[in-house]
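Structure first, commentary second.
Any read-out appearing in this document is the output of simple, stated calculations on the displayed coordinates, not a laboratory observation. Keep in mind that this is a model prediction, so the values were computed, not measured. Methodologically, a virtual Cβ is constructed for each residue, glycine included, from the backbone with ideal geometry; neighbour enumeration extends over all protein chains shown.
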Amino acid sequence: MDTAAASSPPQDFSLQDAAAAARAFGTDAQRGLTGAEAARRLQQHGPNELRAKPPRPLWRRAAAQLHDPLVYLLLAAIGVSLFAWTIEGGEGWPVDAVVISAVVLVNALLGVVQEAKAESAVAALARMTAVTSAVLRAGELRRIPSSELVPGDLLVLAEGDAVGADARLLRAASLRVQEASLTGESEAVLKDPATLAQAAPLGDRLCMVFKGTAVVQGSGRAVVTATGMRTEMGAIAGMLEATQEEATPLQKEVAHIGRMLGIAVVVIAVLVVATILLLSDLRSTSDLIAVLLLGVSLAVAAVPEGLPAILSVVLALGVQRMARHQAIVKKLSSVETLGSASVICTDKTGTLTRAEMTIERVVTASGSSQVTGVGYAPEGQVQHEGRRLAAGPVHAEQVVVLSGGSLAGNAALRQENGQWVIGGDPTEAAFLVAERKLGAHERRAQRFERVAEIPFSSDRKMMSSIERDHEHGDALVVVSKGAPDVLIGRCTQVRVGLEVRPLDAAMRERAQADVARLSGAALRTLAVAYRPLAPGESSQDADALERDLIFVGTVGIIDPPRAEAGVAVREARRAGLRVIMITGDHPRTAGRIAADLGLVEPGAQALSGAELDALDKAAFAAAVRRVSVYARVAPAHKLRIVNALQAQGQVVAMTGDGVNDAPALKAADIGVAMGITGTEVSKEAARMILADDNFATIVEAVREGRVIFDNIRKFLRYLLSSNMGEVLTVFLGVVGAGVIGLRAGGEAGALVLPLLATQILWINLITDAAPALAMGVDPQTEDVMARPPRRRNERAIDARMWQGVVAGGLVMALATLLTIDLYLPGGLVEGEGSLDGARTAGFTVLVLAQLFNCFNARSETASAFRHLFANRWLWGAIGLSLLLQVAVVHVGVLNVAFGTVPLTPGQWAVCVAAASSVLWFSEARKWLLRR
C-alpha cells in the first residue's frame, strides 16, 4: 500500500478519475480498507470531527461584561470613593463605593443571564454532524459512527443517509443529494461519477459528495477523500474561527460616551480644584484635603452611575419585545444594531423563498395553465386563462401530465399533525401537490399499480415507471418523466385532448419553444410522456421501452418567494435599507426571484461567484456598490461581500440558514439566522434568530431597533442633562458661594458645598433611575421607517444634543442655587433659613427640575406637551421618584442619612415653581429650533 499517497492526497479529486482516486488512497474499490488499516489511519489522521473551542467558563463570561469604558469609569469612581472615605477616617460604610459596586454587579449579571445560552459555533458544527455512515471494511458492510471514518474508506450511500465525509463517487444510481446547507442550492443535485474536465465551484462538483449533506434519492459508492477539518465543512469551520466579531454600533457608541465622560470627569475635577485653589485662602492641610474631596464629589456627580445598568435593562426589555415578534436576540448590544442597519444581505433559499419546490406552469398541446398556491400544502387550483380549469382538451391533457409525473416518481406526500410534509425528492413531490390541486390523485391511485421501474440516471436524464392500468384490462403502460430535450427526442406522437396524433415538425418545434419560454422565466422544466405496451413488451430493456413515446406536456417548477417577503422588501426600501440577495443558486433563478420581490428590475443579471473571482480589489468594491443579486457564490464570497460593504461604511445585517452562511453571519454587524430551517451552526454564529423564518420579521426588528435607539437617546439626554445640572450646581455654588450667601450659612471661612455627596448619589441612583428606565420603553410616536438609517459615524449624542444638555443643566443649576440663596442670609436675596433648610430646598428643586426635564428629554424639537400621556410608565416613574423625594425630606431616619430637614407647604410650592423653569426654557428653545 502507498501510505505516502494516502497521507497527502491532492485537494480537488473531482478532476481525477474515480479509479485513480481509489488508488491514491490505497483502497480496494470492491472491498474497502481492512479493519487494521482503518484503525491505523484513524490514529494518524484523528477523528472525523470539527475542531471546537471549549465553552467559556462562567467567570470569564462575567469578567467580559466589565470590559466597557462606562464600567471602567464606575470602577474608577469606586476607587476614588474608597480613597476619600479612607482619608476622612474610614468611619461607617463607604456608601458611595458600595452602591456603585452594586450597580456594576447588577449590570454584569444582566449581561451574563442574557448571553448564558450562547455556545461556540464550531462546537455546533460538530454536534450537527454526529451521524453514522455505512462503509465497506474488508468486503463487509458495516455502519459506524461518522467520527470513525478515515481517508480511503469506502462509503455506501442510500436514500436518507447523511454524508459523513467528503468523498469521490465511484458509482451512482439516480443519486440525488441535498446540498442547500453547504452551497445554497435549493434543488437536490443529481450526482454523476464522471470526472470533471475543469475545476468547478462546489455546487457543480457532481462527482463529489460532501460532509453534512443528505441523500434524498438513489444510491452510490464513494471513496472518502477528506475528514474532519480537511473537509469543505471543516474549511468553513476554519473561516468561522478566523472571523472576528465586530463590535456593534451601540457598543462603539457607548465606548465613545464612556471616553467622553471619562475625559469630562477629569477636566471638571481638575478645573474646579484649580479654580478654588486660586480663589480661596487655604490655611491648613485639612483645607487642601477638603478641596480635593470636593473634586472627588464633582467627579462622582459627573458620572451617571446608573447608566450601564439602565442601558442593560432597556436593552433586555427590547429583547423581550422582539421575542414577542419572533426575533430572538442573543446579545443585548445587538438589539439596537438592526435599527442602524443600512444593508440587509439575505440568502434566497428558505429566507426569501419557501424552500418548497412548486409547479407553477403546465404547458400542453391545447394550451397552458397556471397553478396557484405555493408550498407542499395542496391549497390552490389549476387555472386556464384566469379561470379554474374546466373539463375539456386542456384539462384532459393536464391530468395526464400531473398524474404521469406523479407515477414516474418515488416521492410521498402526507399530512402530519395538521402539516403537509413530503418524503423523497422535493421536485417529484411537486407533482403530487399539483395533482391534488387538480383533483386527479384519487383516480390515479385507484387506476394504476406499479409493476417495475427504470430508475433515473445521469446518462438518460429520465425515469420511467411501468404501471398496470386497471381501467384498461390490466394492460401495461410505461410512464416517463425527464429533461424535455431528451424526452421530446424519444417521442413520435403527441396527446391532444383525448386523441393521439403524430408529433410532426411543427408540433415538435412548438413543444421546444414552450420549454424555452419556461426556462426563460427561470423555471426548472420537466416533461412527461407515456406509451401503452404490447403484451410481453415489459421484458425488453430500457432503450426499447422508452421509445416511440406519446408526448403530453411540460411543467415549470420553482422554489417560490414567500408571500410576505415582497411586502417586507418594499418596507425595507422605504426605510432607506438596501436589500442584497446572495445565494448559491443558479443566476437565472436568483434574478427571477429578485425581480419578483422587487429587489431589481426584471431582466437584471446576477453576478456569479466565478465573475467575482475575476475582479480585482477596486472592481470588486465597485461591483458591491451597484449589484444587488449574487448567485453561485461560495462561503468565502459571502464573507468578502460583507467585508467590502462594511469597508464602505455600511452597517450590514446578514441573514442565512445554512452552514455556508455561518462565517458571513459572524462577520456582519448583526447576523440573523433562521430558527426553523436554519442549521445549528448558523444559529450559533448569528446574533439574532428569526423563530418563524419570516423575512418580514427582520423589518419589524428594524423598526423595533430604531425605536430602541431613539429611546436610548432620550434617556441619555435626560441623564446627562441631569448630571450636568448637578456638576454645575456644585461648581457654580462653590465659585459663587459669596454671591449667593453660601459661605455665610456655614462656619466663617469654611468651604461650604451646595449639595452633599450623599444627596448627589441619591439623585443619580434613586430619583433618576426610574424615569430613565421608563423613557427606555417609550412607545413609538413617529414613523421611524420613513427616515433613512443613521450613518455609521453618526453620534448618538451629537453637537445639538450636547448644547441642549449643557443649556438644560445650566438652567437647573441656576434654579437650584437661586432657591438656596432665597433661604440663606445675605446673597442676592436676603433670607432667614438655616444652611440645612436651604440645602434641602435646593436639593428638592434639583430633583423636581429633573422630573420636569423627563418631558423635555423625549424629543429634541417636539413640544413636551405632544403625546404627553403616551407613556404611562413615565408617569408612574415620576410619581415614584416624587414619593421618594418626599420621604427623604420628611422621614426622620432619612433626614439624618442625607442631611435634610422637613419643608413647609409654602416651601414646596416655591420649589415646584423654581423647578418648572427648566420646562419653560426648553419649550422656548424647541420653538426656536422648529422655526
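Some points to look at:
- Set of lysines near residue 683 by C-alpha distance (under 28 Å), chain-local residues within fewer than 8 positions excluded: 53, 117, 211, 252, 330, 331, 348, 638, 666
- Taken one residue at a time, the phi angles of region 553-558 give Karplus couplings (6.51, -1.76, 1.60, θ = phi - 60°) of x, 10, 10, x, 10, 8 Hz. Gly and Pro are set to x.
- Per-residue Cβ neighbour rank within 10 angstrom, fewest leading, 352, 498, 523, 882: 498, 882, 523, 352
- Each residue of region 29-40 was assigned a 3J(HN,Hα) from its phi angle through the Karplus expression (A = 6.51, B = -1.76, C = 1.60, θ = phi - 60°), giving 5, 9, 10, x, 7, 7, x, 5, 5, 4, 5, 5 Hz with x at Gly and Pro.
- Mean Cβ neighbour count within 10 Å, used as a protection proxy, ranking 216-223, 479-486, 883-890 highest first: 216-223, 479-486, 883-890
- The lysines whose alpha-carbon is closer than 22 Å to the alpha-carbon of residue 481, local same-chain residues fewer than 8 away aside, are 191, 437, 461.
- Taking amide hydrogens as placed 1.01 Å from N in the peptide plane, the amide H of residue 132 sits under 5 Å from those of 146, each at least 5 positions away in sequence or on another chain.
- For region 809-931, with +1 on Lys and Arg beta carbons and -1 on Asp and Glu, the positive-most of 863, 826, 810 along the dipole: 863
- Per-peptide packing, taken as the mean over residues of other Cβ atoms within 10 Å, places 27-35, 399-407, 905-913, 612-620 in the sequence 399-407, 27-35, 905-913, 612-620 from highest down.
- Summed residue charge, Cβ within 15 Å of residue 389's Cβ, Lys/Arg positive, Asp/Glu negative: +1
- Inter-probe distance in nm under a simple model that places probes 7 Å from Cα toward Cβ, at residue 897 and residue 86: 2.7 nm
- Prolate/oblate/rounded call for region 173-217, Cα gyration tensor, a/c under 1.5 rounded: oblate
- 5 angstrom amide H check on residue 346, placed H, neighbours 5+ away: 580, 581, 582, 655
- Local electrostatic count, residue 15, Cβ distance below 11 Å [Lys/Arg +1, Asp/Glu -1]: 0
- Phi to ³J(HN,Hα) by Karplus 6.51 cos²θ - 1.76 cosθ + 1.60 over region 892-902, Hz, x for Gly, Pro: x, 5, 6, 4, 5, 5, 10, x, 10, 9, x
- In terms of packing, defined here as the mean over residues of other Cβ atoms within 10 angstrom, the peptides 641-650, 824-833 line up highest first as 641-650, 824-833.
- Placed amide H near residue 608: partners under 5 Å, 5+ positions off or other chain: 631
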